[in-house]
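J.: So that we are looking at the same thing, I have put the structure below in structure tokens.
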Amino acid sequence: QVQLVESGGGLVQPGGSLRLSCAASRSIFSTYIMGWYRQAPGKQRELVATISSDGRTNHADSVKGRFTISRDNAKNTVYLQMNSLKSEDTAVYYCNAYSGRLEYWGQGTQVTVSS
């Protein structure tokens, strides 16, 4: 079993920045793909970014150049640095761990972009 705990969400003005963190309860990065997803009200959950076990990253077109996924293996923590935030980035952001056989989700953290 793996617990994922997100933090770092909040209210920010358009153009601002936030950094989300996802702390895993144990060391899993060598065998799991870690990802950030988001779900806006009335919309389906969508992929934001992933980082594979070998460190390769992938970002959705809607956030490329603005968001960056990274990880700290020593802290068992994955980050999502979000810059140049837009109102359409408003959503609940979820951390995900996927091994192909097992999958875990965090509880989500709210990000609201508004003036």
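The values are calculated or read from the model by the stated rules, or taken from the named source; none is laboratory data. Model, not experiment: these values are computed from the prediction. Heads up: the accessible areas ignore ligands, DNA and RNA and are worked out on the full protein's heavy atoms, side chains in. Shrake-Rupley method; radii C 1.70, N 1.55, O 1.52, S 1.80 Å.
J.: Taking amide hydrogens as modeled 1.01 Å from N in the peptide plane, which residues meet the under 5 Å criterion relative to residue 85, leaving out close sequence neighbours?
T.: 15, 16
J.: Before anything else, pin down the relative contact order of the chain: Cα pairs under 8 Å, at least 6 apart, normalised by residue count, whole percent. It would help to have the intermediate numbers written out before the result.
T.: On the way: 279 pairs, mean separation 42.2, N = 115.
The normalised contact order for the chain reaches 37 percent.
J.: Continuing with the same structure: Identify which of 65, 42, 55 has the largest mean-square fluctuation in a Gaussian network model of the chain, with springs joining Cα atoms closer than 10 Å.
T.: 42
J.: Report the Stokes-Einstein translational diffusion coefficient (µm² s⁻¹, integer) for the range 6-47, Rh taken as the Kirkwood radius over Cα pairs, at 4 °C with viscosity 1.567 mPa s.
T.: Working: Rh = 12.9 Å.
The diffusion coefficient I find is 101 µm²/s.
J.: If you don't mind, another one. Per residue, how many Å² of accessible area does the chain show with a 1.4 Å probe?
T.: Details: 6110 Å² over 115 residues.
Heavy-atom accessible area per residue stands at 53 Å².
J.: Using a Gaussian network for the chain with springs between C-alpha atoms less than 10 Å apart, which of these wobbles most: 81, 44, 13?
T.: Most flexible of the set in this elastic network: 44.
J.: Would you tell me the accessible area of residue 51, worked out with a 1.4 angstrom probe on the heavy atoms of the protein chains, in Å² to the nearest 10?
T.: Result for residue 51: roughly 10 Å² accessible.
J.: Ignoring any ligand, DNA or RNA, what whole percent of the accessible area of the chain comes from carbon and sulfur when the probe is 1.4 angstrom?
T.: Carbon and sulfur: 45 percent of the exposed surface of the chain.
J.: Could you tell me the distance between the Cα centroids of the range 76-115 and the range 1-29, to the nearest Å?
T.: 6 Å
J.: From the backbone phi of the range 87-100, what are the Karplus-calculated ³J(HN,Hα) couplings (6.51 cos²θ - 1.76 cosθ + 1.60, θ = phi - 60°) in whole Hz, Gly and Pro given as x?
T.: Ordered by residue, 3J(HN,Hα) equals 4, 6, 7, 4, 4, 8, 9, 10, 8, 9, 10, 9, 10, x Hz.
J.: If you count only protein heavy atoms and use a 1.4 Å probe, how large is the accessible surface of residue 46, to the nearest 10 Å²?
T.: That residue has around 80 Å² of solvent-accessible surface.
J.: Could you tell me the accessible area of residue 61 in Å² (1.4 Å probe, neighbours in place), rounded to the nearest ten?
T.: Probe radius 1.4 Å; accessible area of residue 61 about 130 Å².
J.: Please turn the phi angles of the range 51-66 into ³J(HN,Hα) values with the Karplus equation 6.51 cos²θ - 1.76 cosθ + 1.60 (θ = phi - 60°), one per residue in order, whole Hz, x for glycine and proline.
T.: Once rounded to whole Hz, the list reads 9, 7, 4, 9, x, 5, 10, 9, 10, 4, 4, 5, 10, 4, x, 10.
J.: Under 25 Å Cα-Cα from residue 64, which lysines qualify once same-chain neighbours fewer than 8 residues away are excluded?
T.: Excluding near neighbours in sequence, the set is 43, 86.
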